[in-house]
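Asks: What follows is a single structure, and I will ask about it in a moment.
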Amino acid sequence: MTQPTPPAARTGAPPDGPKPLWGIATASFVVFLAAWALSWIKAYAVNDDLPNACGDVRRQVFPPEVTCLSGSGAVTGANAGWIEVVFFASFAVAVLFGTLALAVAMAVRRK
């Protein structure tokens, strides 16, 4: 019976680190900030006079939103559904990849 050979020693250069992960985290954080800015501009610049013309004003802080609910059930001034998805998804991706990049950076430094 032959003995198993030990794994070969690593002779290549050490890994550069989590540069692509930091790039994804940064890009998704920029997308998050852009979605937040769009929501804020719509809530506080475009719909600035909405509280004066509406009796039932609803405000939301995260993401920023100022809406008017009329008696017939129509909603005016709400954010588009896709902007809220982009807002929360990009924030989640930024946190996830930022944490992952930090963990990889710590693991690379230990070796």
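Asks: Somewhere in segment 17-33, is a residue basic (Lys, Arg), outside any helix (DSSP H, G or I) and loosely packed, with under 14 Cβ neighbours inside 10 Å?
Replies: Within segment 17-33, not a single residue is basic (Lys, Arg), outside any helix (DSSP H, G or I) and loosely packed, with under 14 Cβ neighbours inside 10 Å.
Asks: Mind checking which residues of segment 47-79 are touching a residue at least 12 places away in the same chain (Cβ under 8 Å), open to solvent by 40 Å² or more (accessible area, probe 1.4 Å) and assigned to a helix (DSSP H, G or I)?
Replies: 51, 53 - these are the residues of segment 47-79 that are touching a residue at least 12 places away in the same chain (Cβ under 8 Å), open to solvent by 40 Å² or more (accessible area, probe 1.4 Å) and assigned to a helix (DSSP H, G or I).
Asks: Continuing with this model, one more query. Sort out which residues of segment 42-97 are hydroxyl-bearing (Ser, Thr, Tyr) and under 30 Å from residue 18 (Cα atoms), and write them in order of number. Talk me through it step by step, then tell me what you get.
Replies: At the first step, the residues of segment 42-97 found to be hydroxyl-bearing (Ser, Thr, Tyr) are 44, 67, 70, 72, 76, 90.
Result: 90, single match.
Asks: Only one of (1) of a type in the set (A, V, I, L, M, F, W, C); (2) touching a residue at least 60 places away in the same chain (Cβ under 8 Å); (3) open to solvent by 80 Å² or more (accessible area, probe 1.4 Å) is not met by residue 41, so which one is it?
Replies: (2)
Asks: Mind checking whether some residue in segment 85-103 is under 29 Å from residue 25 (Cβ atoms), in contact with a helix residue (DSSP H, G or I) (Cβ under 6 Å, 6 or more places away or on another chain), of a type in the set (Phe, Trp, Tyr) and open to solvent by less than 50 Å² (accessible area, probe 1.4 Å)? First the steps, then the outcome.
Replies: Of all residues in segment 85-103, those under 29 Å from residue 25 (Cβ atoms) come to 85-103.
Going one step further and asking which of them are in contact with a helix residue (DSSP H, G or I) (Cβ under 6 Å, 6 or more places away or on another chain), we end up with 86-87, 90-91, 93-94, 97-98, 100-101.
Add one more test, that the residue is of a type in the set (Phe, Trp, Tyr), and what stays is 87, 91, 97.
Applying the additional criterion that residues be open to solvent by less than 50 Å² (accessible area, probe 1.4 Å) yields 87.
Looking for residues that are under 29 Å from residue 25 (Cβ atoms), in contact with a helix residue (DSSP H, G or I) (Cβ under 6 Å, 6 or more places away or on another chain), of a type in the set (Phe, Trp, Tyr) and open to solvent by less than 50 Å² (accessible area, probe 1.4 Å), one finds at least one in segment 85-103, hence yes.
The values are calculated or read from the model by the stated rules, or taken from the named source; none is laboratory data. No experiment lies behind these values; they were computed from the predicted model shown. Please note: Cβ atoms are built from the backbone with ideal geometry, for glycine as well, and neighbour counts cover all protein chains shown. Surface accessibility is based on the protein's heavy atoms, side chains included, excluding ligands, DNA and RNA. Shrake-Rupley method; radii C 1.70, N 1.55, O 1.52, S 1.80 Å.
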